[in-house]
Structure formats: C-alpha cells, structure tokens
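I have placed the structure first, in the form of structure tokens, so that the comments after it can refer back to it.
No lab work stands behind these numbers, since they all come straight from the coordinates. Only a predicted model underlies this, so the values are computations on that prediction, with no experimental measurement involved. Cβ placement follows ideal geometry from the backbone for every residue including glycine, while neighbour counts extend to all protein chains displayed.
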Amino acid sequence: MIRGFNILNRADIAARLLIELQEKGHTPTRSLFRAVICRLCDMDNAEKQFLKLLELQLSHQEPNCQVYNFFIDGAGHAKKPELAREVFEMMVRSGIVPNLSSDILMLQSYLKNEKSRCSI
C-alpha cells in the first residue's frame with residue numbers, strides 16, 4: 001500500500017502509513033524508508049516534508065543511529081546531500097554518536113551527487 005501511494009506521487013500519505021505501520025509493531029525496511037523519503041524529496045516543500053517525517057519518526061521511537069541512518073540514506077539517494085548532512089549534524093547534537101555506517105552513508109550521499117570535495 002505504501003509503495004502504491006509512492007507510485008501515485010502521494011508521498012505524504014505514504015509517509016503517514018509508514019508511521020502507522022510502525023505503530024502497529026512492524027519494522028519497515030531501509031529500502032521502504034528510502035523510497036518514501038526519495039518521493040518526499042520530489043514534492044513541493046521537500047525539506048519541510050522530510051524534516052516533518054523525521055520529527056514524527058523520532059517522536060514515535062527512541063532516537064538511535066539506525067533511524068538517523070535511514071534518513072541520511074534516503075536524502076543521499078534523493079540527491080540531497082545537504083539534507084543528509086543536516087540529519088547527520090542533528091544526530092550529533094542529540095548526543096548520538098555516528099557509527100561507521102553513518103560515515104559511509106554521508107560519503108555516499110556526496111559521491112552520488114558529485115560533491116567529492118565535500119566528502120573529503
């Protein structure tokens with residue numbers, strides 16, 4: 001159902017369903033998060049929509065490295081390395097130590113977007 005709304009360019013509904021899925025005890029995959037985040041980044045007010053989903057996600061589950069990594073990964077695939085960097089910095093500010101995956105995802109987000117100077 002979430003993928004269907006994504007295909008129909010209704011990422012706002014897909015994002016809401018993603019949260020509801022978790023409220024019912026299911027764990028979405030990284031690829032599902034990525035798909036929803038990429039579609040959100042295609043919408044008007046992409047950054048606002050993205051940050052709203054991140055805020056909802058953090059309010060529904062204990063913030064941890066994996067949650068932030070899903071959003072860093074999604075932003076990178078959506079060709080939004082600045083948004084990925086913002087999430088990375090939010091993670092650090094909240095007291096969560098980035099792991100190796102966080103660093104790799106950040107590097108990949110820059111490389112996918114041909115911003116190799118930023119990755120150094």
**Complete:** Restricted to pairs 8 or more residues apart or on different chains, the lysines in segment 2-119 with C-alpha atoms under 16 Å apart form a number of pairs equal to 7
**Complete:** From fewest to most C-beta neighbours within 10 Å, the residues Y110, Y68 line up as Y110, Y68
**Request:** Measure nothing but the geometry: give the 0 to 90° angle between the long axis through the Cα atoms of 65-77 and the longest principal axis through the Cα atoms of the chain, rounded to 10°.
**Result:** 80
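For segment 2-119, what is the relative contact order in percent, using Cα pairs closer than 8 Å and at least 6 residues apart in sequence?
Working: 137 pairs, mean separation 24.5, N = 118.
Relative contact order for segment 2-119 comes out at 21 percent.
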**Asked** Using θ = phi - 60° and the Karplus curve 6.51 cos²θ - 1.76 cosθ + 1.60, what whole-Hz ³J(HN,Hα) does each residue of segment 17-28 get, with Gly and Pro shown as x?
**Response** 5, 4, 5, 4, 4, 6, 4, 8, x, 8, 10, x
**Request:** Under a 10 Å cutoff between Cα atoms, tell me which one of R93, R34, R16 has the largest fluctuation in the Gaussian network model of the chain.
**Result:** R93
**Prompt:** Given the chain reduced to its alpha-carbon atoms as identical point scatterers, what log10 I(q)/I(0) does the Debye formula return at q = 0.10 Å⁻¹?
**Reply:** -0.27
**Fill in**
Taking Cα atoms, the helix 46-60 axis meets the longest principal axis of the chain at an angle in degrees (rounded to 10) of 70
**Prompt:** How far, in degrees from 0 to 90, does helix 100-112 lean away from the longest principal axis of the Cα atoms of the chain, to the nearest 10?
**Reply:** 90
